[in-house]
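The structure appears right after this line, and notes come after that.
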């Protein structure tokens with residue numbers, strides 16, 4: 001039986017072997033399934049996303065290497081941290097920003113693997129002004145707070161609102177006096193139209209900080225710099 005994932009065509013190109021029609025059709029179906037997973041997660045339908053993720057895994061014949069980055073956020077949101085960690089094994093390498101792997105590892109007690117899965121410098125690539133507010137990596141609680149905060153910030157920037165709320169809520173639970181976590185949790189709430197809840201977090205961030213994040217929180221309280229509702 002032919003395998004559309006591995007069978008080459010007779011025609012070749014420089015530095016590239018084109019896909020067979022069967023393989024091309026397979027990857028189109030897989031891309032559709034990935035979009036479905038993202039849509040369901042963004043609607044906070046974690047159970048539906050989990051079903052779609054398992055369908056994607058069956059489509060590949062159990063090839064987790066093809067769908068690890070689709071399955072991981074689903075398992076994390078479902079609280080299935082061991083299952084998420086099993087997707088990564090020990091493949092996390094220094095310098096890679098893989099927050100899903102870091103969350104899975106820290107939540108299953110594998111602190112060193114979590115530390116190897118991300119670098120604060122990567123989190124700060126687009127927001128160097130956040131550096132004074134990161135919790136660091138001195139202990140398991142700090143790493144957990146940092147990776148959940150990082151996940152929330154990245155997802156907020158990419159308008160993955162349900163995921164941002166999930167991660168930032170977890171971060172605020174760990175570091176309830178961190179202005180960055182408080183402010184961005186407020187921004188994520190405001191984007192969802194939850195203005196009254198958001199205001200509490202802006203007020204807390206503004207009280208705690210007179211720097212960049214405090215100013216951002218005060219601007220949000222005055223109606224400036226508020227995110228558009230989705």
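Quickly run through the range 194-209 and pick out the residues that are without any contact (Cβ under 8 Å) to a residue 24 or more places away in the chain and either under 22 Å from the mean Cα position of the chain (by Cα) or under 21 Å from residue 99 (Cα atoms) (or both).
194, 198
State which residue pairs qualify: first residue closer than 12 Å to residue 164 by Cβ and assigned by TED's automatic domain parsing to the domain that holds residue 135 and inside the range 181-193, second residue modelled with pLDDT under 95 and not in a helix (DSSP H, G or I) in any location, beta carbons under 6 Å apart, and separation of 6 or more residues or different chains.
Every condition considered, the pairs that remain are 187/227; 190/226; 190/227; 191/227; 191/230.
Considering only the range 1-20, state which residues are at pLDDT 60 or above and surrounded by 10 or more Cβ atoms within 10 Å (Cβ to Cβ).
Once the filter is applied, which keeps residues that are at pLDDT 60 or above and surrounded by 10 or more Cβ atoms within 10 Å (Cβ to Cβ), the range 1-20 yields 17, 18, 19, 20.
Would you pick out the residues in the range 42-71 that are in contact (Cβ under 8 Å) with a residue 60 or more places away in the chain and assigned to a loop (DSSP other than H, G, I, E, B)?
If the condition is that a residue be in contact (Cβ under 8 Å) with a residue 60 or more places away in the chain and assigned to a loop (DSSP other than H, G, I, E, B), then 43, 44 are the ones that fit.
Check 110, 115 and return the single one that is at pLDDT below 95, under 17 Å from the mean Cα position of the chain (by Cα) and more than 19 Å from residue 205 (Cβ to Cβ).
Going through 110, 115 in turn, just one is at pLDDT below 95, under 17 Å from the mean Cα position of the chain (by Cα) and more than 19 Å from residue 205 (Cβ to Cβ): 115.
The values are calculated or read from the model by the stated rules, or taken from the named source; none is laboratory data. This one's a predicted model, so the numbers in the text were calculated from it and none came from an experiment. Backbone-built Cβ (ideal geometry, glycine too); neighbour counts: all protein chains shown.
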